């Protein structure tokens with residue numbers, strides 16, 4: 001297999017994390033192979049070409065499902081259908097946004113004409129303004145918000161424009177956890193299956209209904225093999241013992257800046273880092289070591305329901321919370 005690239009080489013060349021590459025492979029969007037006498041994954045020129053196609057379509061804000069349908073179609077019928085549907089939705093959003101803009105323009109004109117009155121009185125006393133506002137449906141406002149988000153997403157290529165608006169500050173309680181750690185090929189799945197087997201055997205959802213699943217790269221750095229490690233923590237009742245190869249640990253809890261992503265959007269880690277660095281109120285409170293992903297965590301949301309829905313293997317999580325430890329800045 002000549003002219004192949006390792007996971008690390010692909011990750012560096014195209015700005016795609018190794019975990020994102022594995023996610024694309026799991027969805028069947030790309031594939032990888034292995035050289036003879038070389039046990040690690042490599043990507044052939046045709047695999048790289050496929051990845052480049054995916055990255056272009058992602059910049060157009062297409063979902064991975066839409067991308068899969070486009071790339072699996074030997075003719076452009078699927079692409080035509082997807083693009084026509086997306087353009088139709090954008091046209092509707094633009095029309096709704098124009099309607100809202102017209103009302104705001106009328107409000108602004110009326111307020112400038114009566115600058116001696118409070119804005120609330122101008123709005124409520126002007127029957128024409130009320131009529132214009134009442135003509136808008138709640139959906140117009142919602143579509144306007146969606147349009148704003150789309151326009152922000154389209155500017156992702158400009159780092160200065162990437163500003164998260166939905167960061168939450170949460171406090172996670174101290175708790176006992178069962179830890180599963182694996183270093184090697186596909187460590188998230190291997191460690192995840194160890195946790196899932198334990199949860200099912202113990203029927204942990206009955207003993208600990210509030211169970212939560214956290215994970216992090218451990219260790220984070222990758223060499224030319226493309227290998228790294230991953231560790232999962234599942235919260236357990238205080239005092240509960242765990243069987244090997246799992247290890248019982250104590251999670252210290254703490255305050256975290258949190259941002260939710262769909263599974264696969266790991267590039268948004270950078271956005272959350274930027275938010276913490278630019279925050280006027282909070283600062284990073286981790287240990288600064290890449291060994292355990294700088295004390296950052298990924299929480300697999302709704303693990304309780306996913307483990308009940310999946311009979312074996314690691315449950316497929318639709319959403320993740322990205323968590324960075326923070327503390328208030330000294331004043």
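The values are calculated or read from the model by the stated rules, or taken from the named source; none is laboratory data. Predicted, not measured: the structure shown is a model, and the values here were computed from it. Backbone-built Cβ (ideal geometry, glycine too); neighbour counts: all protein chains shown.
Some notes on this structure:
- Condition met for residue 207 (at positive phi and at pLDDT 90 or above): no
Table: residues versus (1) modelled with pLDDT under 85; (2) farther than 23 Å from residue 187 by Cβ; (3) not in a helix (DSSP H, G or I).
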residue: 9; (1), (2), (3): yes, no, no
residue: 16; (1), (2), (3): yes, no, yes
residue: 25; (1), (2), (3): no, no, no
residue: 31; (1), (2), (3): no, no, yes
residue: 53; (1), (2), (3): no, yes, no
residue: 58; (1), (2), (3): no, yes, no
residue: 68; (1), (2), (3): no, yes, no
residue: 83; (1), (2), (3): no, yes, no
residue: 91; (1), (2), (3): no, yes, no
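- Residue within the range 263-275 that is in contact with a helix residue (DSSP H, G or I) (Cβ under 6 Å, 6 or more places away or on another chain) and either at pLDDT 90 or above or farther than 25 Å from residue 189 by Cβ (or both) present: no
- The set of residues in the range 70-81 being surrounded by fewer than 14 Cβ atoms within 10 Å (Cβ to Cβ) and not in a helix (DSSP H, G or I) consists of 72, 74, 75, 76.
- Residue 230 part of a strand (DSSP E or B), in the same structural domain as residue 175 (by TED's automatic domain parsing) and closer than 25 Å to residue 329 by Cα: no
- Of the residues 159, 187, the single one that is under 18 Å from the mean Cα position of the chain (by Cα) and at pLDDT below 90 is 159.
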